[in-house]
Amino acid sequence: MIDVSGSALPTQSVTEVNTNTWTNGRHMVRCARVIDETHDVKTFCFLTEQPVLFFFKPGQFVTLELEINGQPVMRSYTISSSPSTPYSFSLTIKRVGGGLVSNWLHDNLNEGDLLPVHGPVGNFNCIDFPAKKVLLLSGGVGITPVMSMARWYYDTSSDVDMVFIHSARTPMDVVYHGELTNMCSRVPNFHLHLISEREARGVPWSGYRGYFDQAKLDMMVPDLHEREVFCCGPEPYMDAVKALLKANNFNMEHYHEESFGSTPDSVEQDAIDQAEEAEETLDAVNSADMLTVEFTEAGKSIQILPGETVHTAAANLGMHIPKACGMGICGTCKVKKTAGEVEMNHNGGITDEDVADGYILSCCSVPTGHVVIEK
């Protein structure tokens, strides 16, 4: 190296930083911090022992792999942090009355604890639906995915015009109140509207009261039809929002909602009914119609009925493939297929890159012939 006077400068050594990048799969993470957001909401911050860049699309979620009362439990939560702070990620979780996992996390997960996570996955995100104007709607703890989006826009100095409308039961239940107010005060393209269903005694409140309705929509979003809408919250809240938008002739192709939740009872009952039907008809099926699923690492194989899934095949062999949603959303049951073909009807729980590499979601993959699984 030569300075401006022509003299040689000492060569500076450069230290390489070997940093892995987060990809959809199973990873061990450590809880680095626990933050009390409200009286019943906590944020858990995670990182890895070796630096990992946690790249994800704002709005996506991960699935926690836990053991509660000696039983394996899987539960999915949206990432509340932004990929603009890539060396850690956060989950903001509300304690739910009678909730097995949320209560366990609040009472037992401490700084320094290790646990496996699966992900990130999810079609609900602001990267795949770019827009110059967005409307971010949330109710209760449904604020987490849209907060991740808002943080991403804010941190990257995006020129996207944001209207952020959040509904809470009381002023004490508004998550991220201080941060939201600060964001609104610092950039002109962030428009914040907070709605409290009712007042809390002794707590001052200058925001809106009641529910998100037509009058508030007119005041807060006069340019509704120019915006991409992202919505998350309890099902009744999202149903009310959709009804309100449709009443205003909003083009619902520009409406997106977080659809992940616990496995519906109907799905679980369908699985039970299918298992019972399969057992009753097994003897009547010609052996030539049966399909074979082989698991190479376990050294096992089994014949299944047409229409049964890879996950069912594994379960019938006594093999455990983690599963959380059962609907191809969470991505927890991902396995690698090394031979054969399947029909996979997923709901965003696997990337195109993973599919190209041979991976499938076992819960929603139905073999169409002899299939070999690396498991």
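The values are calculated or read from the model by the stated rules, or taken from the named source; none is laboratory data. Keep in mind that what you see is a predicted model, and the values were worked out from it rather than measured. Cβ atoms come from the backbone with ideal geometry, glycine included; neighbour counts cover every protein chain shown.
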- line: Of those in segment 123-177 that are of a type in the set (S, T, N, Q) and under 21 Å from the mean Cα position of the chain (by Cα), the residue surrounded by the fewest Cβ atoms within 10 Å (Cβ to Cβ) is ASN123
query: Does at least one position in segment 196-218 carry a residue that is within 23 Å of PHE44 (Cα to Cα), within 27 Å of the chain's Cα centre (by Cα), in contact (Cβ under 8 Å) with a residue 12 or more places away in the chain and not assigned by TED's automatic domain parsing to the domain that holds ASP40?
result: no
statement: If you go through SER167, SER148, SER158, the only one that is polar (S, T, N, Q), assigned to a strand (DSSP E or B) and within 24 Å of LEU224 (Cβ to Cβ) is SER167
- prompt: What strands (runs of 3 or more DSSP E) lie completely within segment 61-132 and have 1 or more residues being farther than 24 Å from ASP173 by Cα and polar (S, T, N, Q)?
  reply: 61-68, 71-78
message: Any residue at all in segment 287-306 that's under 17 Å from ARG26 (Cβ atoms) and either assigned to a loop (DSSP other than H, G, I, E, B) or among the hydroxyl-bearing types (Ser, Thr, Tyr) (or both)?
response: yes
